[in-house]
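All remarks here apply to the structure that follows.
The values are calculated or read from the model by the stated rules, or taken from the named source; none is laboratory data. This is a predicted model, so every value here is computed, not measured. Here the Cβ is made from the backbone with ideal geometry for all residues, glycine too, and neighbour counts use every protein chain on show. Keep in mind that these areas ignore ligands, DNA and RNA; they rest on the heavy atoms of the full protein, side chains included. Shrake-Rupley method; radii C 1.70, N 1.55, O 1.52, S 1.80 Å.
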Amino acid sequence: MGREGRRVTVIVILGAPGAGKGTQAVLLAERLGIPHVATGDLFRAAVRDSSPIGLEARRFMERGQLVPDDITIRMLLERLSKPDAANGAILDGFPRNSAQAAALDRALADRGERVDLAVDIDVPTEELVQRMSGRYVCREAGHVYNESTNPPRVPGICDIDGSELVQREDDKAETIRTRLDVQLASLREVVDHYASTGILRTVDGIGPIDDVAAAIDDVVRGVADSAG
Ligand code: AP5
Ligand code: MG
């Protein structure tokens, strides 16, 4: 990032389920002009298409479990090899455990690249449950809303593409609890991985979406400046 001859920017957005990764990754991707790549969105698209990956992933997603690493890593690396990701990407929901983090490091190193920055959006558990319970996403592209904190202009309709807003299958109360129970430990592994390489920054995820975006911008600018 900002280094001479190196134009690829890879930023990983970390956070518990419901922390606001998708909300913030979309905004940051727009600002930096690189794609937002979310493994959850890729899996949901595969489920909608009833592709082999979708049929396999659905069994895990509906139980709030992580999809096995082999499927997930292959899908993510395939996505990163597409031309629109030639200058980098904002990764949301990947890596999710230390094996995925190591696989990403290896794949990038093979191309002479690396993860520039990992931003952990920190939100307490009680707030996560509230956010996911009030979340709606659009049927067409998964654009994210919240009935109390981020409502659409017209109730039930996506501001961006006009499609219907629905609840995610894994946002039912019991599944939300399982996701938090099962996934927080592996998130910790990923946070530790990036802390150990010195590229982890934590931002406070409580407060208006624009304030969190500004905090992330500061962190991104700080890293770009220090890289010269
Ligand atoms: P995924 O889709 O990644 O779900 P997640 O990690 O559980 O995260 P969410 O998408 O639920 O939350 P978010 O952090 O994006 O928050 P959002 O911006 O929507 O994964 C789904 C499943 O796929 C996994 O459970 C797993 O099965 C599988 N999977 C995916 N990746 C995998 C991987 N790498 N390995 C294995 N399996 C994988 O915001 C949440 C709500 O809060 C919204 O309503 C939003 O409007 C609102 N909100 C956002 N910011 C704020 C704010 N500042 N204040 C108030 N409200 C806010
Ligand atoms: Mg998301």
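Taking each DSSP H run with n ≥ 4 as -39500 (n - 2.57) and averaging over every residue of the chain yields -15000 deg cm²/dmol at 222 nm.
Overall, the chain carries a charge dipole of about 460 debye about its Cα centre when +1 sits on the Cβ of Lys and Arg and -1 on the Cβ of Asp and Glu, all other atoms neutral. Note on the chain: with neighbouring protein chains present and a 1.4 Å probe, carbon and sulfur make up 51 percent of its accessible heavy-atom surface.
Against the chain, whose longest principal axis is taken from its Cα atoms, helix 98-110 shows a tilt of about 50°.
For the options GLU169, GLU78, GLU30, a Gaussian network treatment of the chain with springs between C-alpha atoms closer than 10 Å singles out GLU78 as fluctuating the most. Ranked by the mean number of other Cβ atoms within 10 Å of their residues, highest first, the peptides 145-153, 91-99, 69-77 come out as 91-99, 69-77, 145-153. Axis angle, to the nearest 10 degrees, between helix 69-80 and the longest C-alpha principal axis of the chain: 70 degrees.
On a 0 to 90 degree scale, rounded to 10, what angle separates helix 173-196 from the longest Cα axis of the chain? Once rounded, one gets 10 degrees.
Remark: segment 74-216 carries 51 Å² of accessible area per residue (probe radius 1.4 Å; ligands, DNA and RNA excluded).
Its Cα centre serving as origin, segment 67-193 has a Cβ charge dipole (Lys and Arg +1, Asp and Glu -1) of approximately 160 debye. Between the listed residues GLN167, THR178, ILE206, the Cα displaced farthest toward the positive end of the dipole of segment 160-228, a dipole computed from Cβ unit charges relative to the Cα centre, is found at THR178. In this label model, GLU174 and GLU78 are separated by 3.2 nm, measuring between points 7 Å along each Cα→Cβ vector.
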